[in-house]
Amino acid sequence: VFLHGWPVTDDENATRFGGRLLARGEIMTPAAEVMGWFPRLFLFMRDGMITSFDWLGGQVAWAIGEATGLDAIVFTLAAALAPALVALAAARRFSPAWGAVAALVVLTCPMAQCLSWTAHPHLLARAAIAGAIAVVALRERSRARSAGFGFLCSLALSCRPFETLTLLTPLVLGELWDGWREGELRQTLASMALGGLPLLAVFMLHNQAVTG
């Protein structure tokens, strides 16, 4: 199935539908009268309008794929990026050998492998989370690091909010704790907000526009 580029999960088609709407400059589109006869799993309808039920991040990725002709390659790149970033982070924090081990763990993880066969927003969130970890591991503390960290956290949140909160909350708290110990809590918090809040605001405005 995946070798032919066909969807593996139900929500892949719905997310792509949302991406096509965004690529046309629309958030929702009028629903056909016969929509009531068809399954609407992972679709959202309100006041005669319809769109994807998925989060904004995955829809934007599909919009980029539709607009550029890259199609699902956006998701393929995200799938390849995650193990590389995890390896870089582990190599910097521990040693090159541990970097190789970390990459091997990601590449042989059954969940990671199965998701890599799809065009699912999980891939985008996974790459963004790996990027957030790598930013913390590879760069010395600075405002630029905190801003980049905040941006990547928001990017992951826009794709899979609940999973991202579960995985990144300890890292965010650790960053704030380190900033407090070094007397730079305000600078750290402000830089993280500067990097993350604009994207988070777009995410929330989109949700408001869809749900009303």
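Quick notes on this structure:
- Restricting segment 136-146 to residues that are in a helix (DSSP H, G or I) and of a type outside the set (Lys, Arg), the residue that is surrounded by the most Cβ atoms within 10 Å (Cβ to Cβ): Ser146
- Matching residues in segment 94-135 - criterion: being in contact with a Pro (Cβ under 6 Å, 6 or more places away or on another chain) and either of a type in the set (Gly, Ala, Ser) or open to solvent by 50 Å² or more (accessible area, probe 1.4 Å) (or both): Ala103, Leu107
- Checking each residue in segment 160-206 for being out of contact with any helix residue (DSSP H, G or I) (no Cβ under 7 Å at 6 or more places or on another chain), within 28 Å of Leu43 (Cα to Cα) and open to solvent by less than 50 Å² (accessible area, probe 1.4 Å) picks out Pro161, Ala201.
- Restricting Leu115, Leu104, Leu123, Leu155 to residues that are over 19 Å from the mean Cα position of the chain (by Cα) and either closer than 28 Å to Asp10 by Cα or of a type in the set (A, V, I, L, M, F, W, C) (or both) narrows the list to Leu104.
- Residue, least open to solvent (accessible area, probe 1.4 Å), within segment 5-49, restricted to residues that are at pLDDT 90 or above and of a type in the set (Val, Ile, Thr): Thr15
- Beta carbons closer than 6 Å, at least 6 apart along the sequence or on distinct chains, never pair a first residue in segment 56-76 that is within 23 Å of Ala201 (Cα to Cα) with a second that is aromatic (Phe, Trp, Tyr) and part of a loop (DSSP other than H, G, I, E, B).
- All positions within segment 155-211 that are touching a residue at least 12 places away in the same chain (Cβ under 8 Å), among the charged types (D, E, K, R) and either in a helix (DSSP H, G or I) or closer than 16 Å to Ala132 by Cα (or both): Arg160, Glu163, Glu175, Asp178
- Checking the stated criteria, Ala91 turns out not to satisfy the condition of being out of contact with any Gly (no Cβ under 8 Å at 6 or more places or on another chain), at pLDDT 90 or above and surrounded by 12 or more Cβ atoms within 10 Å (Cβ to Cβ).
The values are calculated or read from the model by the stated rules, or taken from the named source; none is laboratory data. The structure presented is a predicted model; accordingly, all values stated were derived computationally and were not measured. With ideal geometry, Cβ positions are generated from the backbone for all residues, glycine too; neighbour counts draw on all protein chains shown. Keep in mind that these areas ignore ligands, DNA and RNA; they rest on the heavy atoms of the full protein, side chains included. Shrake-Rupley method; radii C 1.70, N 1.55, O 1.52, S 1.80 Å.
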